[in-house]
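Engineer: Encoded as structure tokens, here's the structure I'll be asking about.
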Amino acid sequence: MRSNRWHHTHKEPTRHTAIKTMNPVQDMIKTPITIGGKEIPNRLFLAPLAGLGHVAMRQIIDEFGSCGLFFSEMCSAKALPFENRAISPMFRWRDEEAERLVMQIVGATPLEMARAAERIEKEGLFGVDINFGCSVASICKKEGGAAVLKDPDRAEAIVREVRRATTLPLFVKYRTGWKDDAGFAAMMGQRFESAGADALVFHPRISPDRRSRPPKWAHIKAVKESVALPVFGNGNVFNTADLTRMVTTTGCDGVSLGRIAIARPFVFAEMLEEKTFGPELYPQIALRFLDLVEAAFAPSYAVRLYKKFLLYFAANFKFGHPVFKQLAHATTLEALRDNVHQTFSQPLDLAATPNLNLFTK
Ligand SMILES: Cc1cc2nc3c(=O)[nH]c(=O)nc-3n(C[C@H](O)[C@H](O)[C@H](O)COP(=O)(O)O)c2cc1C
């Protein structure tokens, strides 16, 4: 059951039917889509975010509603078959979200990725997402993530083997590659399609370029035009105008939201239900999320995760940097809780748009 904690602002989205609005892009995004034989109520997804998109974060997002599908943090394929759901920080979910959760796996070999997919299917989750996008050195050194794109044959073999191992909907999330070449990205999309992927999530940046330069949305269009599969765009969609522009300029079938969903866990309801969320909500979110990380994780880990969230959350305020410092200056959950009360004892000015400098590195 979803909480009705935010009921004063949150309207439960209508499942499986799209309410017509005056905005054709919003109508399209609110239209259910079937991927790998399973229906998804809308086309706005939570992107996989290591250290951020954990079980507690997904719960608060779910409480606001309107997120079509949740993607987990990346999980090591090698470790996944042996993970214990009760204690693993990443391979963890609430029973209520299982049928809307795609587990993302990262790894180097077809066999280890296939074994991980089998476990995911056994657990009754919605689907499997292959990570061919992570360009963090520790992952690429082990030949996983975006490093696999240096070896297109291995990338295709991984998708093929995972396809053989599971009947679940299979997503591939990938980047442009290691050169700024839309043709390569389009060709890889075709190879993933022929290897049995059900949908692509494409982030048009090269590796190791991280988030400093804007993604090239034109490359999403190139990928979309080269395959028959649904293609979901990702990268720098921060508000409804960005969402509209990404969909209209690329023709993508839906959008995956990353950092903005951490800063604004209500962003799905904001974009799809046109809800507005007043300043009084922010301290409530800060406290609710603190309760959720505390309930889910050991105290010292919960403190670390909460501080990661604060960097994004603080971006909502006019003076985000000092707000972040004030909120994060603590080593215990109790002190973090006190900081929320103190920081919000005076109303804080919201920024017109989130201050992206705080989370764009
Ligand atoms: C802190 C952080 C962690 C991320 N972790 C993952 C991950 O585990 N798997 C993945 O495929 N992408 C990961 N990404 C990339 C995001 O899924 C997304 O592609 C990127 O943030 C761009 O989307 P956005 O502009 O909406 O944030 C991560 C990004 C950030 C900022």
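The values are calculated or read from the model by the stated rules, or taken from the named source; none is laboratory data. Quantities reported herein were computed from a predicted structural model and do not represent experimental measurements. A quick note on method: Cβ atoms are made from the backbone with ideal geometry, for glycine too, and the neighbour counts reach across all protein chains shown.
Engineer: Do we find a residue being part of a loop (DSSP other than H, G, I, E, B), under 20 Å from residue 199 (Cβ atoms), basic (Lys, Arg) and modelled with pLDDT under 95 anywhere in the stretch 29-49?
Structural biologist: no
Engineer: Have a look at 274, 280, 270 and point out the one that is surrounded by fewer than 22 Cβ atoms within 10 Å (Cβ to Cβ) and at positive phi.
Structural biologist: 274
Engineer: Looking only at the stretch 221-246, count how many residues are more than 12 Å from the ligand (Cβ to nearest atom) and of a type outside the set (Lys, Arg).
Structural biologist: Result for the stretch 221-246: 12.
Engineer: Please specify each residue of the stretch 326-348 satisfying the condition of being farther than 28 Å from residue 297 by Cα and in contact (Cβ under 8 Å) with a residue 40 or more places away in the chain.
Structural biologist: Matches in the stretch 326-348: 347, 348.
Engineer: Then there's this: Among 66, 72, which is the only one that is under 21 Å from residue 31 (Cβ atoms), of a type in the set (Ser, Thr, Tyr) and touching a Leu at 6+ places or on another chain (Cβ under 7 Å)?
Structural biologist: Matching residue, one of 66, 72: 66.
Engineer: Would you say residue 57 is crowded, with 18+ Cβ neighbours inside 10 Å and within 21 Å of residue 169 (Cα to Cα)?
Structural biologist: no
Engineer: For the stretch 205-220, enumerate the residues that are more than 9 Å from the ligand (Cβ to nearest atom) and buried (at least 17 other Cβ atoms within 10 Å of the Cβ).
Structural biologist: Once the filter is applied, which keeps residues that are more than 9 Å from the ligand (Cβ to nearest atom) and buried (at least 17 other Cβ atoms within 10 Å of the Cβ), the stretch 205-220 yields 206, 207, 216, 217, 219, 220.
Engineer: Look through 291, 242, 338 and report the one residue that is within 19 Å of residue 25 (Cα to Cα) and out of contact with any Lys or Arg (no Cβ under 7 Å at 6 or more places or on another chain).
Structural biologist: Of 291, 242, 338, the one residue that is within 19 Å of residue 25 (Cα to Cα) and out of contact with any Lys or Arg (no Cβ under 7 Å at 6 or more places or on another chain) is 242.
Engineer: Residue 192 passes all but one of (1) within 14 Å of the ligand (Cβ to nearest atom); (2) surrounded by 21 or more Cβ atoms within 10 Å (Cβ to Cβ); (3) under 14 Å from residue 174 (Cα atoms); which number fails?
Structural biologist: Of (1) within 14 Å of the ligand (Cβ to nearest atom); (2) surrounded by 21 or more Cβ atoms within 10 Å (Cβ to Cβ); (3) under 14 Å from residue 174 (Cα atoms), only one is false for residue 192: (1).
Engineer: Same structure, new question: Need a quick list: helices (runs of 4 or more DSSP H) entirely within the stretch 235-313 having at least 2 residues that are of a type in the set (Phe, Trp, Tyr) and touching a residue at least 12 places away in the same chain (Cβ under 8 Å).
Structural biologist: 281-296, 299-313
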